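Have a look at the structure below before the remarks.
The values are calculated or read from the model by the stated rules, or taken from the named source; none is laboratory data. What you see is a predicted model, and the numbers here were worked out from it, not measured in a lab. Neighbour counts are summed over all protein chains in view; Cβ atoms, including those assigned to glycine, are modelled from backbone coordinates with ideal geometry. Protein only, heavy atoms only, side chains kept; ligands, DNA and RNA dropped before computing areas. Shrake-Rupley method; radii C 1.70, N 1.55, O 1.52, S 1.80 Å.
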Amino acid sequence: MKEKKAFFCSACGYESPRWLGQCPGCGAWNTMAEAPSAPKAAEKARPVRRSAPKRLSELDTAGETRFSTGIRELDRVLGGGAVRGSIVLFGGAPGIGKSTLLLQACGSMALREKILYVSGEESGHQLRMRAERLGVDKDSVYVLAGTDINDVIAAIEELSPALVIVDSIQTIYDPSLTTAPGSVGQVKQCSMELMQLAKSTGFTAFVVGHVNKEGAIAGPKVLEHMVDCVLYFEGDGSHTYRILRAEKNRFGSTNEIGVFEMITSGLREVPNPSEVMLAGRPIGVPGTCVACVMEGSRPILAEVQALVTPTGFSAARRTSNGFDYNRLYLLLAVLEKRGGMNVGGCDAYMNVVGGLTLGEPAADLAACLAIASSYRDIPLPDKLAAVGEVGLTGEIRSVQALEQRLAEVARLGFTQCVIPSRTRGELKPPPGLELIYVKTLREAVEKTL
């Protein structure tokens with residue numbers, strides 16, 4: 001009998017009997033790939049119901065059981081530690097340090113928990129060499145170097161581990177399916193089997209996922225909906241610092257970040273990211289200003305750099321790194337209309353030092369002051385920071401957690417901070433910190449430059 005073929009979207013798993021240029025399910029282009037269609041299951045008797053529905057008031061009210069991974073920055077992003085019975089998807093670019101961080105977590109938990117490390121990409125010898133370099137106790141971690149999901153399930157049932165690490169899910173396959181490992185069907189099936197086993201037995205699973213060219217986790221989008229938490233490990237290969245953030249978290253906030261530094265012996269936690277972001281900051285140079293943003297409950301100081309030069313083209317160029325591109329266009333328009341600066345005829349480049357991405361409006365004022373400083377070629381005071389949102393009419397709006405931000409600014413030795421005038425009389429400035437109240441963007445430029 002001829003095998004029936006179908007086309008599957010590699011982004012969301014949508015199935016079609018014919019090839020389509022654009023996927024109707026997710027709208028992605030050129031993602032339809034041909035694969036054998038899964039045979040329809042034959043009619044079978046309805047299974048016996050194993051559990052009966054309960055009233056909401058009858059459900060167990062005990063909170064989720066958490067345990068520490070031994071890495072404080074990882075615990076912070078997870079919401080206070082890993083939850084038993086949960087499954088965590090761990091994504092990041094190749095070589096960013098995903099396997100290194102998880103293996104270090106194994107070393108921290110090995111004395112307290114039984115751990116199974118399923119390695120589908122590295123051999124057992126390679127994994128042991130990396131464990132020796134990281135100083136991981138080799139007698140406390142069980143390793144399975146294989147890719148068959150049946151072998152993984154058998155090892156879990158035999159060992160009954162508290163933590164299972166699968167590196168990576170794209171290499172695991174189910175022999176009952178005819179598709180190749182890493183395909184949509186394989187990833188969905190293997191992930192579903194791991195999830196059902198984790199929920200029924202109570203172990204915690206960390207699953208490593210590959211990342212595609214667009215920076216998203218490869219495979220069907222349904223994979224991110226199946227898991228309890230999605231973590232992304234970000235960073236530039238040319239920098240030593242890495243940022244761990246949560247894209248989805250059913251048991252905690254998605255606003256927290258963890259900062260790590262890649263060194264010879266592995267990843268080292270950075271408990272004070274502000275000092276790291278400001279290390280090597282130039283003194284007395286135009287086009288730089290310090291902003292204070294909130295990453296969850298943690299205030300972080302970041303250096304915003306801007307370069308404004310007369311354009312040599314018919315249309316001015318705009319480039320940003322670590323700052324929203326469309327937000328940069330908006331702030332440049334406000335500076336020209338409300339700030340009296342002819343930046344429309346200039347090329348503008350913006351960069352956030354340290355690899356941090358500023359998505360909070362509280363960094364608007366610092367970005368505008370950096371642009372104005374570069375445009376006028378006048379440096380801002382070295383010990384000055386700025387916090388505030390800029391509106392389209394040029395007004396400076398207040399932001400949340402301002403007292404916490406000011407405390408962090410004063411702790412790092414800054415003596416001046418530009419803030420919205422609306423907060424006048426509501427805040428008690430920290431000792432040694434002078435507050436510069438401004439109502440409009442034009443006033444902020446006049447008082448600082």
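How do 72-78, 142-148 rank on mean C-beta neighbours within 10 Å, highest first?
Details: 72-78: 22.0, 142-148: 17.4.
For the peptides 72-78, 142-148, the packing ranking is 72-78, 142-148.
Relative to the longest principal axis of the chain, what angle (0 to 90°, nearest 10) does the C-alpha long axis of helix 98-109 take?
80 degrees
For region 113-181, run through the trypsin sites (Lys or Arg not before Pro) and keep only the ones in DSSP coil with at most 14 other Cβ atoms within 10 Å of their Cβ. Show your work: numbers first, answer last.
Working: sites: K114, R128, R130, R133, K138; in loops: K114, K138.
Passing sites in region 113-181 are K138.
Report, in debye and to the nearest 20, how large the dipole of region 253-326 comes out about its Cα centre when Lys and Arg carry +1 and Asp and Glu carry -1 on their Cβ. Don't skip to the end; give the middle numbers.
Numbers: 5 positive and 7 negative charges, 64 e Å.
It works out to roughly 300 debye.
Explain nothing, just the number: dipole magnitude of the chain about its Cα centre with +1 on each Lys and Arg Cβ and -1 on each Asp and Glu Cβ, in debye rounded to the nearest 20. Don't jump to the answer; show the numbers that get you there.
Working: 49 positive and 49 negative charges, 188 e Å.
Charge dipole of the chain: 900 debye, to the nearest 20.
At 1.4 Å probe size, with the rest of the protein present, what percent of the exposed accessible area of the chain is carbon and sulfur atoms? Display every interim value, and only then the final one.
Details: 11300 of 22230 Å².
Carbon-and-sulfur percentage of accessible area, whole number: 51.
Mind ordering 79-87, 91-99, 13-21 by average Cβ neighbours within 10 Å, highest first? All intermediate terms of the calculation are to be shown ahead of the outcome.
Numbers: 79-87: 20.6, 91-99: 18.8, 13-21: 13.6.
Peptide ranking by packing, descending: 79-87, 91-99, 13-21.
Working with all protein chains in place, sort M192, M277 by solvent-accessible area computed with a 1.4 Å probe, largest first. Can you show the working numbers first?
Details: M192 70, M277 5 Å².
Ranked list, largest accessible area first: M192, M277.
Just to confirm, what accessible area per residue do you get for the chain at 1.4 Å probe, in whole Å²?
On the way: 22230 Å² over 449 residues.
For the chain, the per-residue accessible area is 50 Å².
For the chain, set up a Gaussian network in which alpha carbons nearer than 10 Å are linked by springs, and say which option among L369, L59, L101 fluctuates the most.
Most flexible of the set in this elastic network: L59.
Please state the shape class of the chain: rounded when a/c is under 1.5, otherwise prolate if a/b exceeds b/c and oblate if not, all from the C-alpha gyration tensor. Present the calculation step by step, with values, prior to reporting the outcome.
Working: a/c = 2.22, a/b = 1.76, b/c = 1.26.
Prolate, because a/c is 1.5 or more and a/b exceeds b/c.
DSSP loop (so not H, G, I, E, B), at most 15 other Cβ within 10 Å: list which GluC sites (Glu not before Pro) in region 75-145 pass both filters.
On the way: sites: E113, E121, E122, E132; in loops: E113, E121, E122.
In loop regions of region 75-145 (DSSP not H, G, I, E or B), the sparsely surrounded GluC sites (Glu not before Pro) are E121.
For the charge dipole of the chain, defined by +1 on Lys and Arg C-beta atoms and -1 on Asp and Glu C-beta atoms about the Cα centroid, which residue among P431, L116, G391 has the Cα displaced farthest towards the positive pole?
G391
Could you pull out every Cys in the chain that lacks a partner Cys with its beta carbon under 4.7 Å away?
Unpaired cysteines in the chain: C106, C190, C229, C289, C292, C346, C368, C417.
Rounded to the nearest 10 degrees, what's the angle between the helix 364-376 long axis and the longest principal axis of the chain, both from Cα atoms, 0 to 90?
Long axis of 364-376 versus the principal axis of the chain: about 50 degrees.
What's the center-to-center distance, using Cα atoms, between region 374-407 and region 114-147 in Å?
49 Å
Say the cut-off is 30 Å between C-alpha atoms; which of K138/K188; K383/K439; K248/K439; K54/K98; K98/K383 go over it?
Details: K138/K188 32 Å; K383/K439 21 Å; K248/K439 37 Å; K54/K98 40 Å; K98/K383 37 Å.
Check vs 30 Å cut-off fails for K138/K188; K248/K439; K54/K98; K98/K383.
Can you say what percent of the DSSP beta bridges in region 307-449, counting only those with both residues inside, are antiparallel? Round to 5. Could the numbers behind the result be given before it?
Numbers: 7 of 20 bridges.
In region 307-449, DSSP labels about 35 percent of beta bridges as antiparallel.
Relative to the longest principal axis of the C-alpha atoms of the chain, give the angle of the C-alpha long axis of helix 184-201, reported between 0 and 90° and rounded to the nearest 10°.
With both axes taken from Cα atoms, the answer is about 80 degrees.
Taking every pair of Cα atoms in region 206-336, average 1/r, invert it to obtain the Kirkwood radius, and report Rg/Rh to two decimals. Could the numbers behind the result be given before it?
Working: Rg = 18.2 Å, Rh = 17.9 Å.
A ratio of 1.02.
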